[in-house]
Amino acid sequence: MLHRILIALTLMLFAGGALAYSCPGHMNAIDQALSSGEHAELSEADMEKVRELRAAGERQHEAGEHGKSVESLKEARALLGIAE
């Protein structure tokens, strides 16, 4: 039983690390899309939402809240129409 608990804890630690490394990739994709101007058809309100989500994702990443960061960044990507 203890062996299974240790395995579960180890897997949880590695999953958090994997999420941590995916955050910068999401941020880069958003930054590239914003700088390219490809999404000019979005309303100013949607663009502001993308910028807010991008900033929130970075703050969450830096705070170690990688699950929340990925959620925010994926929402921004979806608004921009960026495939994962």
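Details
- Which listed residue, of R59, R51, R77, is part of a helix (DSSP H, G or I), at pLDDT 90 or above, in contact with a Ser or Thr (Cβ under 9 Å, 6 or more places away or on another chain) and not acidic (D, E): R59
- Any chance G67 is touching a helix residue (DSSP H, G or I) at 6+ places or on another chain (Cβ under 9 Å) and surrounded by fewer than 18 Cβ atoms within 10 Å (Cβ to Cβ): yes
- From the list E84, E38, the lone residue that is part of a loop (DSSP other than H, G, I, E, B), surrounded by 10 or more Cβ atoms within 10 Å (Cβ to Cβ) and either hydroxyl-bearing (S, T, Y) or at pLDDT below 95 (or both) is E38.
The values are calculated or read from the model by the stated rules, or taken from the named source; none is laboratory data. Since the structure is predicted, the reported quantities are computational estimates derived from the model, not experimental observations. Virtual Cβ from ideal backbone geometry, glycine too; neighbours counted across all protein chains shown.
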